[in-house]
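Okay, so here's the structure we're looking at.
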Amino acid sequence: MVEKPQRFRVGDKPRDAVETEWEVFVRDEDDSPLRHAGGITAPSLEIAYEQATKLFAWYAVDIWLCPADGVARFSTHDLDDDAEPVRIETGGEDRSFE
Amino acid sequence: MISISKLLCDVGAEGDGLRYDAASETSKPQITEEKQRRPVVVWNLTKQCNLYCAHCYAAADTETADGELSTSEGKRLLDDLASYGIPVVLFSGGEPLVRDDLTELVEYAAESGIRPVLSTNGTLVTPEKARELRDAGLQYAGISVDGLRGRNDDFRGKDGAFDAALRGIRAFLDADVKTGLRYTITERNAPDLRDVVDLLYEEGVNRFCFYHLDYGGRGADISNVDLTPGEKRKAVRRLCDMTREYHDRGHDIETLLVGNYADAGFLVEYAREHEGRDAAKRVYDYLEQNGGDPTGERIADVDYQGNVHMTQFWQGYSLGNVRDRSFGDIWDDQTNPLLDRVRARDDYLTGRCAECCYRDICRGGSRLRALSAHDDPFAPDPQCYLHDDEIGIAPSFEASGD
Ligand code: SF4
């Protein structure tokens, strides 16, 4: 039996003061999973991509960029003052594993 | 951070921080057998600053930024850092003294077992504030002065900044807070360096920390006023000469270099030239223990909005945000391919850094400058000032094991 995690919706505070923060996702090879690889600060998508290319061009086949404020984050980590507990009705049954 | 006074004059005063590039402010011994396991964390408390310095890596502004970590978030961050075993937090900015909860956060850090130290422009430090911070547990204050009066005020964008910084230095010294100079060397202020040291020594300062320009924030915009590699070499040589002169006269100043690990190789060469082979070997061994450029390993940065960076200078790329994940989880995340390669950079360095006989004590210098100059984080540091013949010939003692 595993305990259900208590997650919080992380608040939507800005991640950069002047430009835009872009979450970066990279895929190493065609058949490997896409993974989060940090964030880049840039004024536009074009420049964010240019920066990402410099940082990850040496290996990644795919680079995906997403504005940081376009991501909804649910986490058990609750440092954020605005973190709101999130409850989802799951039917009352505990999850279990073999 | 490389201590010239320790390496050339064998003076490692209490609190020396060879191993910490952000913090000349630690009580840990300068040279140890073990590599530091946890990074020193620079926390940029705010983007706001009362000055507008030309070289500010944090691109600080006269306004606060939206979404700065609050007092309660800051305390939770300090809990997080303490439980991860962070030894030192360097409160920085912007100007950290514009936040009215600075004392509270310094006290909280000290109570959590983290050594709190401060980087400030000094202009807002009153005698009362200095005593308050001392009572809260502040262990060290590094105050930035970047030239004599006229040049400093020009650089800092405000008339009177030099005199205000001097008042701040006096306030900390009077409150018995260990205080040092931070001086970012550029083409503009290199000529003032000796005079500033002489003047502040008269004031009672005996610790002088010299920063090379890194190319983050507004530092990138003024990379054209960075010293050329040849001028850098001259400036570092002058600092070495000055340190020895002071010590020869019985004045035990500490002088430290930050931000360009070509300095490590230069100090070995300098020691060989002035003190002979055995001294050069001793310097090399100390620096090897130190571990070279600390980016992504012995230094970390949390910015005012909670983004975690590999150094305080590399603000354009973040590993994650402490509002989303704990600092330790972000720092230990081995799935981050860039962090992974930066930590294993010895295997990825290219060009002269790959071949260099000082690679183990330098580790390629600044990856951020390499990225700025060559669009490649593993290219050579453009501000390496060592000559090809110096880096191409392995020091004869290097592999001897004696
Ligand atoms: S060549 Fe590279 S590794 Fe060698 S001293 Fe210069 S910056 Fe450091």
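The values are calculated or read from the model by the stated rules, or taken from the named source; none is laboratory data. What you see is a predicted model; the values in this text were computed from it and never measured. Here Cβ is always computed from backbone atoms with ideal geometry, including for glycine, and neighbour counts include all displayed protein chains. Note: accessible area is taken over every heavy atom of the protein model, side chains too, but ligands, DNA and RNA are not part of it. Shrake-Rupley method; radii C 1.70, N 1.55, O 1.52, S 1.80 Å.
Numerical summary
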read-out: Mean-position separation - Cα centroids, segment A:50-77 and segment B:154-205, in angstrom; value: 42 Å
read-out: Residue among B:192, B:329, B:135 with the largest mean-square fluctuation in a Gaussian network model of chain B, springs linking Cα atoms under 10 Å; value: B:329
read-out: Helix axis angle, A:45-56 relative to chain A longest principal axis, alpha carbon, degrees; value: 90 degrees
read-out: Positive minus negative residues near residue B:82 (Lys, Arg vs Asp, Glu; Cβ under 13 Å); value: +1
read-out: Shielding by partners - mean other protein chain Cβ count within 10 Å, residues of B:311-317; value: 3
read-out: Relative contact order for chain B, counting Cα pairs under 8 Å that sit 6 or more residues apart, in percent; value: 19 percent
read-out: Accessible area of chain B belonging to carbon and sulfur atoms, whole % at 1.4 Å probe; value: 43 percent
read-out: FRET efficiency estimate (nearest 0.05) - Cβ-Cβ, residue A:34 to residue B:84, R0 41 angstrom; value: 0.90
read-out: Surface accessible to a 1.4 Å probe, per residue, for the residues of the protein assembly as shown, Å²; value: 40 Å²
read-out: For segment B:241-304, alpha-carbon Rg and Dmax in angstrom; value: 14.5, 47
read-out: Loop-exposed chymotrypsin sites (Phe, Trp or Tyr not before Pro) per DSSP, neighbour cap 16 Cβ within 10 angstrom, longest uninterrupted part of chain A; value: A:1-57
read-out: In segment A:5-65, the GluC sites (Glu not before Pro) that fall in loop regions by DSSP, at most 12 other Cβ within 10 Å; value: A:29
read-out: Drop in accessible area of at least 30 Å² in the complex versus isolated chain, residues of segment A:7-33, 1.4 Å probe; value: A:13, A:14, A:15, A:17
read-out: Debye intensity ratio I(q)/I(0), log10, chain B, q values 0.13 Å⁻¹ (C-alpha model); value: -1.08
read-out: For segment B:244-258, 3J(HN,Hα) per residue [Karplus equation, 6.51 cos²θ - 1.76 cosθ + 1.60, θ = phi - 60°, Hz, x = Gly/Pro]; value: 5, 4, 4, 5, 4, 8, x, 9, 7, 6, 9, 10, 9, 10, 9
read-out: Span per principal axis, largest first, for the Cα atoms of the protein assembly as shown (Å); value: 80, 54, 41
read-out: Residue B:71 paired with residue A:57, simple spin-label distance in nm, labels 7 Å along Cα-to-beta-carbon; value: 4.8 nm
read-out: Candidates B:69, B:97, B:256: whichever shows maximal mean-square fluctuation once chain B is modelled as a Gaussian network with Cα springs under 10 Å; value: B:69
read-out: Total formal charge among the other residues, if their Cβ is under 11 angstrom from that of residue A:61, Lys/Arg +1 and Asp/Glu -1; value: -4
read-out: Listed residues A:12, A:62, A:30, most fluctuating in chain A (Gaussian network, C-alpha, under 10 Å); value: A:30
read-out: Peptide A:80-88, shielding by other chains (average Cβ, 10 Å cutoff); value: 3
read-out: Difference of contour (0.36 nm per residue) and Cα-Cα distance, residue B:273 to residue B:346; value: 23.5 nm
read-out: Inter-label distance for residue B:202 and residue B:252, nm, one decimal - labels placed 7 Å from Cα along Cα-to-Cβ; value: 2.5 nm
read-out: Projected label distance in nm at residue B:238 and residue B:354, using a 7 Å step from Cα toward the beta-carbon; value: 3.7 nm
read-out: From phi via Karplus (6.51, -1.76, 1.60), per-residue ³J(HN,Hα) for segment B:350-355 in Hz, x at Gly/Pro; value: 10, x, 5, 5, 5, 9
read-out: Cβ-Cβ FRET estimate between residue B:100 and residue B:195, R0 fixed at 45 Å, reported to 0.05; value: 0.80
read-out: Segment B:104-146 versus segment B:238-279: alpha-carbon centroid distance in Å; value: 29 Å
read-out: From the C-alpha gyration tensor of chain A, square roots of 5λ in Å; value: 32, 21, 9
read-out: Potential lengthening between residue B:38 and residue B:387 on full extension [0.36 nm per residue; Cα-Cα distance subtracted]; value: 122.3 nm
read-out: Stretch in chain B that is longest and holds no trypsin sites (Lys or Arg not before Pro) that DSSP places in a loop and that have at most 15 other beta carbons within 10 Å; value: B:38-248
read-out: Total accessible surface hidden between A and B, rounded to 100 Å², 1.4 Å probe; value: 2500 Å²
